[in-house]
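What follows is one structure encoded as structure tokens, with my remarks underneath.
The values are calculated or read from the model by the stated rules, or taken from the named source; none is laboratory data. What you see is a predicted model; the values in this text were computed from it and never measured. Methodologically, a virtual Cβ is constructed for each residue, glycine included, from the backbone with ideal geometry; neighbour enumeration extends over all protein chains shown. The protein model used for the area step is the full one, side chains on, heavy atoms only, and it has no ligands, DNA or RNA in it. Shrake-Rupley method; radii C 1.70, N 1.55, O 1.52, S 1.80 Å.
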Amino acid sequence: AGSVPVVSGLIIHEWIEENGGAEKVVAAMVDAFPGADLLALWEDAPGAVGTTSVRESWLSRTRLRHHKALALPAMAPTWRWTVPARPGYDWFLVSSHLFAHHARGRGLNRDVAKLVYVHSPARYLWVPELDTRGASLPVRTAASVLKPLDRRRAGEATALAANSAYVRERIATTWGRAAEVIHPPVDITEIQSVADWSTVVSADEHRLLDSLPPTFLLGASRMVPYKRLDLVIRAGEVSGLPVVIAGGGPDEARLREVAARARVPVTFTGRPSTPLLRALCQRCAAFVFPPIEDFGIMPVEAMAAGAPVVCHRVGGAVESLSVAGIGAAVDAEDDDDLAAGVRSVLDSGLRVPRQAMQRFSRERFIDEIRDFVTRHTQAPS
């Protein structure tokens, strides 16, 4: 029999959705290693990570792909046998925020180096107080069994990289492992390639921009409870400023009820196009980011467009705020602290300098993830 050709590596990701921060990381990994194969439990957004060639698991052929909480008990065992036995890979690069790091090589891949990029140890399991999905009965039932298993599987990794120092600390606490920090990729160069994004929006979007007040606070994310967009509205109330909310999702009806009772005007843009969102960031007085996030790509994008950020003082967003040197980290649930943070940002009158966010660029991520893989797969001399 002839020799088996060696493919450079296998990129592994939980599942592929549209426009998620994790998908932006995987897309950059695909660019960093164009010869690598890609494996996910399922793919719901073809092309979202820059390639349409994605190997899927058996779960993709079931209804569980649409019910993640119900699929949770099946995910961990699925990862143990989903990696193909052939061809032989040089390495696995795993993008994990749930159980992808449980993946195990078989056959020719049994002893392959497994390098894990950790968005977070599963928030469902380890910090359910930060993610209400962890309070569901299926997750709570599974957690007592899955947590010790998850810790053991994390111990199999050759090396770990965390998306923030905040997550690195969580890795140490939950898994007992050390990790280096590689911040996620953000499209800094693209954001800063257009001096005024309002010049490239559609006619309808331009009319929307023209209808907004000259000074406003901006919040933007998927409309789900843990993103705390209600606190963006609260920031407007305690500071007496109009609020603009960009996004869509299952929490929209509740947020509109909160807005209807607010003492300041609140404008909902719906799901904005990329140019409109960047134009909003360029025009807002401040971008308000209340959730406790593991990193927070959206505030970095806002700062790349020049917007000062007011964020929660706990979480990964504080790291990018400290790099910018402008903005305020506050207790987002304390009215006085929230008002003081907004006031300090507005009183300063400063915008984030263009060069400040280069540390989070996509180009920098590609260089660092290539170095991470190279260092941990080269044989010692």
Looking only at segment 357-372, count how many residues are touching a residue at least 24 places away in the same chain (Cβ under 8 Å) and either open to solvent by 30 Å² or more (accessible area, probe 1.4 Å) or not in a helix (DSSP H, G or I) (or both).
8
Give the residue that is farthest from residue 127 (Cα to Cα), with candidates limited to residues of segment 315-356 that are without any contact (Cβ under 8 Å) to a residue 24 or more places away in the chain and aliphatic (A, V, I, L, M).
340
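A quick yes/no check of all residues on (1) part of a helix (DSSP H, G or I); (2) open to solvent by less than 10 Å² (accessible area, probe 1.4 Å):
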residue: 198; (1), (2): yes, yes
residue: 206; (1), (2): yes, no
residue: 209; (1), (2): yes, yes
residue: 213; (1), (2): no, no
residue: 218; (1), (2): no, yes
residue: 254; (1), (2): yes, no
residue: 264; (1), (2): no, no
residue: 276; (1), (2): yes, yes
residue: 280; (1), (2): yes, yes
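Go through 347, 334 for me and flag whichever is within 19 Å of residue 227 (Cβ to Cβ), acidic (Asp, Glu), open to solvent by 50 Å² or more (accessible area, probe 1.4 Å) and modelled with pLDDT of 95 or more. Can you show your working first?
On the way: 347 fails: within 19 Å of residue 227 (Cβ to Cβ).
After applying the criteria, what remains is 334.
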Could you count how many residues in segment 287-303 are open to solvent by 10 Å² or more (accessible area, probe 1.4 Å) and assigned to a helix (DSSP H, G or I)?
3
What are the pairs, 6+ residues apart or on separate chains, where a residue within segment 80-91 that is closer than 16 Å to residue 58 by Cβ has its Cβ under 8 Å from a residue that is open to solvent by 30 Å² or more (accessible area, probe 1.4 Å) and in a loop (DSSP other than H, G, I, E, B)?
80/104; 81/104; 81/106; 83/104; 83/106; 84/106; 85/106
Is it the case that segment 304-318 has a residue that's touching a strand residue (DSSP E or B) at 6+ places or on another chain (Cβ under 6 Å), open to solvent by 10 Å² or more (accessible area, probe 1.4 Å) and among the aliphatic types (A, V, I, L, M)?
yes
I need the full set of residues from segment 19-44 which are open to solvent by 10 Å² or more (accessible area, probe 1.4 Å), without any contact (Cβ under 8 Å) to a residue 60 or more places away in the chain and part of a loop (DSSP other than H, G, I, E, B), in order please.
19, 20, 34, 35, 36, 44
Matching residues in segment 230-252 - criterion: being within 19 Å of residue 281 (Cα to Cα) and either open to solvent by less than 10 Å² (accessible area, probe 1.4 Å) or part of a loop (DSSP other than H, G, I, E, B) (or both):
232, 233, 235, 236, 241, 242, 243, 244, 245, 246, 247, 248
Cβ-Cβ distance below 6 Å, separation of 6 or more or different chains: which pairs start in segment 153-169 with a residue that is more than 20 Å from residue 365 (Cβ to Cβ) and modelled with pLDDT of 95 or more and end on one that is in a loop (DSSP other than H, G, I, E, B) and of a type in the set (D, E, K, R)?
154/177
If residue 284 satisfies all but one of (1) surrounded by fewer than 19 Cβ atoms within 10 Å (Cβ to Cβ); (2) more than 30 Å from residue 118 (Cβ to Cβ); (3) of a type outside the set (S, T, N, Q), what's the number of the condition it fails?
(1)
Residue list for segment 328-356, restricted to those being out of contact with any Leu (no Cβ under 9 Å at 6 or more places or on another chain), closer than 19 Å to residue 241 by Cβ and in a helix (DSSP H, G or I)
335, 336, 337, 339, 340, 341, 343, 344, 345, 347, 348
Name every residue in segment 164-196 that is closer than 22 Å to residue 27 by Cβ and either open to solvent by 50 Å² or more (accessible area, probe 1.4 Å) or in a strand (DSSP E or B) (or both), in order of residue number.
180, 181, 186, 189, 190, 193
